[in-house]
Protein chains: 2
Amino acid sequence: MLGIAIAGLGNVGSGVARLLSNQAELIAQRAGRPVTIKAVSVRNKKKRRDCELPGVEWIDDPRALAKLPGADVVVELMGGAEGAARELAELALNNGKHFVTANKALIATHGASLARAAEKNKLQLSFEAAVAGGIPVIKTMREALAGNDVTVVRGILNGTCNYILTRMELAGLSFDEALREAQEKGYAEADPAADIDGHDTAHKTAILAALAFGAEPDVKTIAIEGIRRLTPRDLQFADELSCRVRLLGVARLADGKLEQRVGPALVPKSLPLAQVAGALNAVLIRGDFAGDLMLQGLGAGGEPTASSVVSDIIDIARGIFVPAFGVPGSKLKKLHLAAEAHAAQRYFMRLLVADQPGVVADISAILRDEHISIESLIQRARSTESVPVVMTTHEASADAMKRATAKIARLKTVTEPPCLLPIEE
Amino acid sequence: MLGIAIAGLGNVGSGVARLLSNQAELIAQRAGRPVTIKAVSVRNKKKRRDCELPGVEWIDDPRALAKLPGADVVVELMGGAEGAARELAELALNNGKHFVTANKALIATHGASLARAAEKNKLQLSFEAAVAGGIPVIKTMREALAGNDVTVVRGILNGTCNYILTRMELAGLSFDEALREAQEKGYAEADPAADIDGHDTAHKTAILAALAFGAEPDVKTIAIEGIRRLTPRDLQFADELSCRVRLLGVARLADGKLEQRVGPALVPKSLPLAQVAGALNAVLIRGDFAGDLMLQGLGAGGEPTASSVVSDIIDIARGIFVPAFGVPGSKLKKLHLAAEAHAAQRYFMRLLVADQPGVVADISAILRDEHISIESLIQRARSTESVPVVMTTHEASADAMKRATAKIARLKTVTEPPCLLPIEE
């Protein structure tokens, strides 16, 4: 028998409890032994929950789960990079309990030291549910692609943002309208900042980068941009260029240097990531032998996330032990950041300019001075107001693009800050 | 150290050798110990191969690998459900060697007895490379979805067929033209029958069904239809109905009864499987908790397939032991087949009919008599020759559809055999 102690009994926690009880027989068969919840710890015992827990001990202090006799695995579903979650992780691993979590902030921030604590004590640290909900991207990178040299990972890791972008594109909604709709449908929180400003995606990207490159997760060095400033017009121009706009987390290793960033990007419609619509998540992993592998599915919600937590638990019951980030904690590299200037790629720029002669000449001169070559330029029909100018460039360095964009923004004829997006190919 | 013996050194075998040697250090780190090829067995020693094997023993009889001192794992890459491959599998598992294979015919035919032999001897039987090349669908079903009740699996499992269908659709090529092009590009064999007639997909479908439902693989009961009789016109009509035609392997469990079939089907363009183009493979798995999960990638080729073989080897080096089909061999069910009449779904039917009054009335009467209701019917412009009639039906049983189609085919005004395809939603 494998004994489980769960800290936190929200949507995910009660999903785990339901799954372990609904499928008890099947899980015992697959796991090789019964899996039983011994204790739970919740903030509010009186809250109604969508699960039954007969014979389970209710404990006030989550930290007490780390020392509970009969519990082999502590499952942390409280959230937060510090405080109770971090304390519980350290206590559990130092008291002989395996540790399973859905906490992306904790793993992105303290993953390396927790991995070392787990290995020192010959325990498993698992976090399948921390990235992309029900999609088994951690197992895929840690085990299925273990023979591959992974060079780049790109993910649509936030269903809220993908829902908003899809609705802006297909229904022509403004950002605010699409956000309100997402909140009404339960795809966005009342305070949506962590999602729409890219922080949630950044945590997940740091974890994927660590797995891909055998490195310590390092969320602090990720350049983060959210989706607030996008307009339906940007998405329509992208559409005319046969692209869609997606909020991507990208981790790439080139010449031993790490590039990590989160931000909206144009994705050509011919690529599978562009096909990912609505609240779905997807991750594309490029391995030198496996080629491009894409996983797509439900990236949030109590039941998909519970599915991932339970798969971590079954792995532990089966006696599977795999280093948390694929390589031993002592071998996790500290990667140097790539100078942004190295990462050349194509760009999309949308401007609003005064409709008068010479504007395009000024813009072109600025780009020429930064050695950036224009691939296409569209200026819309003349009007008395500002008119949009949309450009795509050939490959250019991020530094040069940023300098050019700053200079263009200062032109008197440019009437609002330019919208600059990389094109991810 | 983990010692490997490889039987068969074609594209996949030499890919495995290259990967184990190129990435020796990384793999040793991830696997926890070095992985070394001890011996290989090939039919023709003189053939030039794209890998170097210094210090490796060359052995004539593959069966001798099963008793080779120093080999912990036998990797079988010869193919075939019987003969040398089967003998080697049984010998290896009965002589204390783990057994890794890319052989779908062997696993689809003898998987259950091999799984039991492996478990009796506490050895691992692994076959990630047997289904969908570099896509980790076996691990995903066996481990990542272990907590889920899987109800249906649908796969595009043959890149040759998907390439042909994509070219027929996008370039309007005939089946023969698209096949010839696929052969020229190396996507189809000189003898393409196993691919285009669906047998390759059937082997893979049987393996996925076994994993999904904890049952013995049973390839003999799969209803198989290939893609030879499809015309570009069928694909164009599908397009007008916002669908694409894909060769699918489908395994479904309803009321404890198994439905397994392979054949072309219409897939609405809004579904992710319809977006899978060219020689790619994809598998969509529906779990009760995880929801719809899709994996997409390279389903064939030496390097992607080698990536899967090596991931099986690294799992063994890490000491991971998981029952071959997710549940113990002794618990594998023998599922009863669903009577086809139970599997109600929508259908597409394309007819060529003489352009004269009353034809549609005759067809409608036949369908009415079988209680099949027409959802849409298009009759093309009048002409002196035969004209196409395209229908879609509301949900109907397979049996009723077959009876109706047979009666329609016998109408004098119907000038060639009807094309009947299910619509997979």
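What's the ranking of B:180-190, B:32-42 by average number of surrounding C-beta atoms within 10 Å, highest first?
Highest to lowest by the protection proxy: B:32-42, B:180-190.
State log₁₀ I(q)/I(0) for the stretch B:311-425 at q = 0.19, 0.21 Å⁻¹ as given by the Debye formula over alpha-carbon point scatterers of equal weight, solvent excluded.
-0.96, -1.12
Report ³J(HN,Hα) in whole Hz for each residue of the stretch A:397-411, in order, from the Karplus equation J = 6.51 cos²θ - 1.76 cosθ + 1.60 where θ = phi - 60°; Gly and Pro get x.
Computed from phi, the couplings for the stretch A:397-411 are 7, 4, 4, 4, 4, 5, 4, 4, 5, 4, 5, 4, 4, 7, 4 Hz.
Averaging sequence separations of C-alpha pairs under 8 Å and six or more residues apart, then dividing by the length of the stretch B:1-159, give the relative contact order as a whole percent. Don't skip to the answer; put the middle values down first.
Details: 258 pairs, mean separation 29.9, N = 159.
In percent, rounded to a whole number, it is 19.
Hey, which lysines would be in cross-link range of B:Lys204, C-alpha to C-alpha under 20 Å, not counting anything within fewer than 8 residues on its own chain?
B:Lys104, B:Lys139, B:Lys220, B:Lys257, B:Lys333, B:Lys334
What number, in nm² with one decimal, is the all-direction average of the projected area of the convex hull of the alpha-carbon atoms of the stretch B:281-339?
Its Cα hull, projected and averaged over all orientations, spans 6.7 nm².
Between rounded, prolate and oblate, where does the stretch B:75-175 land on the alpha carbon gyration tensor, with a ≥ b ≥ c its root eigenvalues, rounded for a/c under 1.5, else prolate if a/b exceeds b/c?
Note, shape of the stretch B:75-175 comes out oblate.
Any idea what the relative contact order of chain A is, in percent, if you count C-alpha pairs under 8 Å spaced at least 6 apart?
Contact order relative to length: 16 percent.
Dipole magnitude of the stretch B:181-285 about its Cα centre, charges +1 at Lys/Arg Cβ and -1 at Asp/Glu Cβ only, in debye to the nearest 20?
Values: 12 positive and 15 negative charges, 65 e Å.
Using only the charged Cβ atoms, the result is roughly 320 debye.
For the stretch B:25-81, how big is the tail of P(r) above 18 Å, as a whole percent of Cα pairs? Present the calculation step by step, with values, prior to reporting the outcome.
On the way: 686 of 1596 pairs.
The proportion of pairs with Cα distances above 18 Å equals 43 percent.
Under the definition of partner shielding as Cβ atoms of other protein chains within 10 Å of a residue Cβ, what is the mean value for peptide B:276-288?
Taking all residues of B:276-288 together, the mean is 2.
Please list the equivalent ellipsoid semi-axes of the stretch B:297-372, computed as the square roots of five times the alpha-carbon gyration tensor eigenvalues, in descending order and whole angstrom.
Equivalent-ellipsoid dimensions as semi-axes: 51, 22, 7 Å.
I need the phi-derived Karplus couplings for the stretch A:271-283: 6.51 cos²θ - 1.76 cosθ + 1.60, θ = phi - 60°, integer Hz, Gly and Pro marked x.
Once rounded to whole Hz, the list reads 8, x, 4, 5, 7, 7, 10, x, 7, 5, 10, 7, 10.
If Lys and Arg each add +1 and Asp and Glu each add -1, what is the summed charge of the other residues whose beta carbon sits under 12 Å from the beta carbon of A:Ser330?
With Lys, Arg at +1 and Asp, Glu at -1, the neighbours total +2.
What number does chain B give for Rg over Rh if you use C-alpha atoms and the Kirkwood radius?
Result for chain B is an Rg/Rh of 1.03.
Take the alpha carbon atoms of the stretch B:156-200, find their center, do the same for the stretch B:206-261, and report the distance between the two centers in whole angstrom.
Value for the Cα centre distance between the two parts: 17 Å.
Whole-Hz ³J(HN,Hα) for each residue in the stretch A:241-255, computed from phi via Karplus 6.51 cos²θ - 1.76 cosθ + 1.60 with θ = phi - 60°, x for glycine and proline: what do you get?
Along the stretch A:241-255, the couplings run 8, 6, 10, 10, 9, 9, 7, 10, x, 10, 10, 9, 10, 9, 6 Hz.
Under a cut-off of 18 Å between alpha-carbon atoms, report the aspartates and glutamates in cross-link reach of B:Lys47, not counting same-chain residues fewer than 8 places apart.
B:Glu57, B:Asp60, B:Asp61
Taking the stretch B:1-146 as the region of interest, what is the percent of Cα-Cα pairs per 10 angstrom bin, listed from the shortest bin to the one with the maximum distance?
12, 42, 38, 8, 0
Taking a label point 7 Å from Cα toward Cβ, how far is A:Pro357 from its twins in the other copies, in nm, shortest first?
The answer, with the shortest distance listed first, is 7.1 nm.
Hey, for B:Ile374 with labels 7 Å out along Cα-Cβ, what do the inter-copy distances come to in nm, ordered shortest first?
5.7
Averaged across A:147-156, how many Cβ atoms of other chains sit within 10 Å of each residue's Cβ atom?
Numbers: counts 19, 11, 4, 0, 0, 0, 0, 0, 0, 0.
That works out to 3 on average.
What distance in nm lies between label points placed 7 Å from Cα along the C-beta direction at B:Lys269 and A:Arg380?
Taking the two extended label points, one gets 2.5 nm.
Averaged over A:301-311, how many beta carbons belonging to a partner chain fall within 10 Å of each residue's beta carbon? Display every interim value, and only then the final one.
Details: counts 3, 1, 6, 7, 2, 4, 11, 5, 2, 6, 9.
The per-residue average across the peptide is 5.
Could you tell me which of A:Thr140, A:Phe175, A:Leu26 has its Cα farthest along the dipole of the protein assembly as shown towards the positive end, charges placed at Cβ (Lys, Arg +1; Asp, Glu -1), taken about the Cα centre?
It is A:Leu26.
Using C-alpha positions alone, give me the convex hull volume of the stretch B:65-125 per residue in cubic angstrom.
It comes to 62 Å³ per residue, whole-number rounded.
Tell me, what is a quarter of the convex hull surface for the C-alpha atoms of the stretch A:170-240, in nm² with one decimal?
Details: hull surface 25.1 nm².
Quarter of the Cα hull surface area: 6.3 nm².
Of A:Ser397, A:Ile423, A:Ile378, whose Cα points farthest to the positive end of the dipole of the stretch A:378-425 (charges on the beta-carbon: +1 Lys, Arg; -1 Asp, Glu; origin at the Cα centre)?
The residue sitting farthest along the positive end of the dipole is A:Ile378.
222 nm [θ] for the protein assembly as shown, helices only, -39500 (n - 2.57) per DSSP H run of 4+, per residue, to 500?
Value at 222 nm, helices only, nearest 500: -10000 deg cm²/dmol.
Which cross-chain or sequence-distant (5 or more) residues have an amide H under 5 Å from the amide H of A:Leu258, H modelled 1.01 Å from N in plane?
A:His336, A:Leu337, A:Ala338
How large is the translational diffusion coefficient of the protein assembly as shown in µm² per second when you combine the Kirkwood radius over alpha carbon pairs with Stokes-Einstein at 20 °C and 1.002 mPa s?
The calculation lands on 75 µm²/s.
Take every DSSP beta bridge whose two residues both sit in the protein assembly as shown, then give the antiparallel share in percent to the nearest 5. Spell out each step's value before the answer.
Working: 98 of 148 bridges.
Close to 65 percent.
Can you compute the charge dipole magnitude of the protein assembly as shown about its Cα centre, using +1 on each Lys and Arg Cβ and -1 on each Asp and Glu Cβ, nothing else charged? Give it in debye, rounded to the nearest 20.
Here the size comes out at about 1360 debye.
Give the relative contact order (percent, whole number) for the stretch A:258-349; include only Cα pairs under 8 Å separated by 6+ residues.
Relative contact order comes out at 25 percent.
Ranked from highest to lowest mean number of other Cβ atoms within 10 Å per residue, what is the order of the peptides A:344-352, A:146-154?
The packing order, highest mean first, is A:146-154, A:344-352.
Using the crude model of +1 on Lys and Arg Cβ and -1 on Asp and Glu Cβ, and no other charge, please compute the dipole size for the stretch B:236-346 relative to its Cα centre, in debye to 20. Could you put the intermediate results ahead of the total?
Working: 12 positive and 10 negative charges, 60 e Å.
The dipole of the stretch B:236-346 has a size of about 280 debye.
Just so you know, all these numbers are worked out from the coordinates, no wet-lab data involved. Predicted, not measured: the structure shown is a model, and the values here were computed from it. We place every Cβ from the backbone using ideal geometry, glycine too, and count neighbours over all the protein chains shown.
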